[in-house]
Amino acid sequence: MKPPRRLLAWAVRNLSKMFPSKSTEKREMKHLSDQELMRLVQAGDFSPASEIYDRYSSRIYNFAYRFLRNSEAAEDATQEVFVKMLKHANQFHGDAKLSTWLFSITANWCRDYLRKADNRAKDSEDVLVTLPAPSEFSPDRTLEQRENQLRIQKALTALTPEQREAILLSRYQGLSYAEIAQISGCSEGAVKTRVFRAMETLKKALAGERGGDRCLNAI
């Protein structure tokens, strides 16, 4: 039986207590780079896992949810990414960005999930992990932003999986075309084409929506 997702999340986030740091106090880890944290993990010190989880778990969950539109699957993907990060830590090369490696693991998990015929979107578009709205935003402005997010999420379903992956990594996660090409296993030119076609499809999907122009500017 698969352990409950809450238990997996607790285990990853509390590795610093389960495996006391051999060389670095937890309070110092916030000041270490991703590469420095991974070097500790590769040396057998799992305590930095909780700091890495704090840095990337929300981004990974949001990417997986927007890709799959299934909150349970997005939670599973998030936990699996960090389990694989620990299990295969030595596959990470210090000259690469940790974000690229983690999103590569996430994208592979999502692609495998979509290959299964019975895996379809099950949720409404309302379970994204969102950051608190800036205090200067009025309730009306916050509501408008939320509505725009829902319109965009609905429009994303019109894209092919390849286009959705490219646009999410590019516009939402800020990865370069070179990084996305590495994750997707294609050329930078192919990534550019996927992003362009995705934007064209989104423009058409949002053209008839109230506030569609603002939605496109938010992507």
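Hey, fewest Cβ within 10 Å first, where do F46, F82, F196 land in order?
Fewest-to-most ranking of F46, F82, F196: F196, F46, F82.
Under a crude label model (7 Å from the Cα following the beta-carbon direction), how far is C186 from K154 in nanometres?
Each label point is offset 7 Å from its Cα along the Cβ direction, giving 2.7 nm.
Among the listed pairs K30/K116; K154/K192; K87/K203; K87/K154; K84/K192; K30/K84, which are separated by more than 31 Å between their Cα atoms? Could you put the intermediate results ahead of the total?
On the way: K30/K116 39 Å; K154/K192 22 Å; K87/K203 42 Å; K87/K154 35 Å; K84/K192 29 Å; K30/K84 22 Å.
Over 31 Å apart, Cα to Cα: K30/K116; K87/K203; K87/K154.
Label points 7 Å out from Cα along the Cβ direction at H93 and L32: separation in nm?
Simple spin-label model gives 2.3 nm for this pair.
May I ask you to evaluate 6.51 cos²θ - 1.76 cosθ + 1.60, the Karplus curve with θ = phi - 60°, for each residue of the range 98-114 and list the ³J(HN,Hα) values in order in whole Hz, giving x for glycine and proline?
Here the 3J(HN,Hα) series is 4, 4, 4, 5, 5, 5, 5, 4, 5, 4, 4, 5, 5, 5, 4, 5, 5 Hz.
Sort D112, D34 by Cβ crowding within 10 Å, fewest neighbours at the top.
D112, D34
So if we plug the beta-carbon distance of Y172 and E200 into 1/(1 + (r/R0)^6) with R0 = 25 Å, what FRET efficiency do we get, rounded to 0.05?
Computed FRET efficiency for Y172 and E200 comes out at 0.90.
Every number here is computed from the coordinates shown, using simple stated rules; none is lab data. Given the structure is predicted, the values throughout are model-derived calculations rather than measurements. Here Cβ is always computed from backbone atoms with ideal geometry, including for glycine, and neighbour counts include all displayed protein chains.
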